[in-house]
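What follows is a short report on a single structure.
Bear in mind these aren't lab numbers, they're just calculated from the coordinates by the rules spelled out. Owing to the predicted nature of the structure, the values given are computational and were not obtained by experimental measurement. Cβ placement follows ideal geometry from the backbone for every residue including glycine, while neighbour counts extend to all protein chains displayed.
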Amino acid sequence: MSGDWSEAPVHDPGHGRADDGREARLGPATSAAAPAAGRVRGTPAPQYGEYAPEGWVNPVLAEQERVEREAESRALREQAARETAGTPARPGQTGSRPARAGGVTTAPSSRFGASPLDFGMTVGLLVLGLWSVLQSLSVGQVASAVRQTFEQRYTTFSDPSVLTGAAIVGAVASVVLFALTLWWSIRRLRARRWTFWVPLLGGVVSTAVSVTAFLVVVLQDPRLVDAVLRSSGGA
């Protein structure tokens, strides 16, 4: 075999075999003298197995940091908007907002009740109900008023004292029903649901209980029942 090392098989471009039998190697293509094609101008990006040059920044990590900063800034703006609107986010939900209408964020119109009108009507009816309950606690006055009404139109009671018992039943029913009505109304107002009908329902039930108690007393008085029947037949 000839001693010319150029006749040796070349294993890789840029490689040969020296005269002393050792494989000759060319300089790396990425050396400072011959910059690789596609390398970033300025501070070069590190190649595989190289250390990153001083001042080099990975563009992928830089983009990730920018996206994270934007997401954090957006979350802070949404939290500030929720605090301004007075609507806390639900647990486990980041970025919850009030209901949208036509793409515009809208805040609830009333803090309690379905609307300001509903809240005002509910409070007004509850005040009237409380006044009615306080009036019913005057058992003697209620019994006297019922007695005068029947005696002026029909006749006297055989035992007027039974009216006091009916008035007591009506007063107790009024207190209990008002307490239930108040509790139920507060719960619905906090849930921002229509509530004005709750005091109305409580008032109707309370009135029905009181009237029923007095009717039971009246129907147990034979003389008064006869007077009522005669008055009805004459009409």
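Data for the structure
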{"read-out": "Proxy reagent accessibility, fewest Cβ within 10 Å first, across E63, E78", "value": "E63, E78"}
{"read-out": "Label-point separation, A145 to V60 (7 Å along Cα→Cβ), nm", "value": "8.6"}
{"read-out": "Extended-chain gain in nm, criterion 0.36 nm per residue less alpha-carbon gap, L200 and I168", "value": "9.3 nm"}
{"read-out": "Ascending count of other beta-carbon atoms within 10 Å, so fewest first, for S115, S158", "value": "S158, S115"}
{"read-out": "For the stretch 116-234, convex hull volume per residue from C-alpha positions, Å³", "value": "105"}
